[in-house]
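Report on one structure; see the data block that follows.
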Amino acid sequence: MPTKVTIPPDLVVEKQAARTAPPPMYRVLLLNDDYTPMEFVVQVLQKFFGKSQDDAMRVMLQVHHEGKGVCGVYPYDIAASRIGQVSQYARTRQHPLQCVMEPADD
């Protein structure tokens, strides 16, 4: 049997807008090593990060000269997924390429 609820006539209800914060973002980085060919790094950047040939070359040279290069900035789940994909792809092709993430400070 349903119960009847009476609402007092002087009750005031205010509707508050729901506010959600954007998810924290993470930089996905490729790390330099002495064994992975530059062409393979360019291929990874194009295949998994959607980089153009020119952008992939720029990031690959950054990895080569500075020791690491930014592939992209993503929410945690996407960053972790890309890292897993790159790691598996590199390992199956017997390359020691390392891909990591760090919090984006932006």
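The values are calculated or read from the model by the stated rules, or taken from the named source; none is laboratory data. Since we're looking at a predicted model, the values are computed, not measured. Don't worry about glycine lacking a Cβ; one is built from the backbone with ideal geometry, like all the others, and counts go over all protein chains shown. Note: accessible area is taken over every heavy atom of the protein model, side chains too, but ligands, DNA and RNA are not part of it. Shrake-Rupley method; radii C 1.70, N 1.55, O 1.52, S 1.80 Å.
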Next on the checklist: As a test question: what accessible area, to the nearest 10 Å², does residue 47 have when a 1.4 Å probe is rolled over all protein chains in place?
Outcome noted: 120
Next on the checklist: If I histogram all Cα-Cα distances within the range 64-106 using bins 5 Å wide from 0, what percent of pairs lands in each bin?
Outcome noted: 5, 21, 27, 23, 18, 5, 1
Checklist entry - PRE reach from residue 40 (point 7 Å along Cα→Cβ): which of the range 69-106 fall under 15 Å by backbone N? => result 86-99
Checklist outcome for this item: Taking Cα atoms only, Rg over Rh for the chain with Rh from the Kirkwood formula is 1.43
Checklist entry - Solvent-accessible area per residue for the chain at a 1.4 Å probe radius, Å²? => result 75
Checklist entry - On average over all directions, what projected area in square nanometres does the range 1-58 have, based on the convex hull of its Cα atoms? => result 10.5
Checklist entry - Tell me, what is the 1.4 Å probe accessible area of residue 57, in Å² to the nearest 10? => result 70
Item to check | Cα lying deepest toward the dipole's positive end in the range 1-62, options 6, 26, 41, charges on Cβ | outcome: 6
